Amino acid sequence: MDSGEIHSLTAVETVKEETFDISELEKRPEAVSQVTPTYPAELRKAKIEGSVTLVFVLSEDGRVEDPRVEKSSRPEFERPALEAIRRWRFSPGEKDGRPVRTYIRQAMRFRVASG
């Protein structure tokens, strides 16, 4: 049993080593398809604006993996932001001429349109 646990830990460490910070890349990821988060109706009606900062891993094929809320101005904005970011698609970051997994931090703003 102990060797299984050690093996799992090693696998996790290997994944972390193969995931790069955006500052380490030759080519930064770019969003190619974005989905606007659904504005919570009660907050829109009250004209309450806010933001959510998400962190996630971007896979080699440009898909969002394991998004999490790093911080938010209001908890009501968190679910819509997570639902939207899961549907975004990116061109992946590149290192040494090949696509790589990348740690990403993305802010989403909720603003009431004027007019």
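The values are calculated or read from the model by the stated rules, or taken from the named source; none is laboratory data. From a predicted model like this one, the values you see are computed outputs, not experimental measurements. Note: ideal-geometry Cβ built from the backbone for every residue, glycine included; neighbour counts use all protein chains shown. Just so you know, the surface numbers come from the protein's heavy atoms only, side chains and all, with ligands and any DNA or RNA stripped out. Shrake-Rupley method; radii C 1.70, N 1.55, O 1.52, S 1.80 Å.
What to note about this one:
- Counting only residues that are hydroxyl-bearing (Ser, Thr, Tyr) and either under 17 Å from GLY62 (Cα atoms) or assigned to a strand (DSSP E or B) (or both), region 95-115 holds 2 of them.
- Just one of the listed residues (VAL64, VAL32) is of a type in the set (Val, Ile, Thr), surrounded by 12 or more Cβ atoms within 10 Å (Cβ to Cβ), modelled with pLDDT of 95 or more and assigned to a strand (DSSP E or B), and it is VAL64.
- Options ARG63, ARG79: the member that is of a type in the set (Lys, Arg), within 14 Å of the chain's Cα centre (by Cα) and closer than 17 Å to ASP21 by Cα: ARG63
- Residues satisfying the stated conditions in region 83-94, i.e. open to solvent by less than 50 Å² (accessible area, probe 1.4 Å) and either within 20 Å of THR19 (Cβ to Cβ) or in a strand (DSSP E or B) (or both): ILE85, TRP88, PHE90, SER91, PRO92, GLY93
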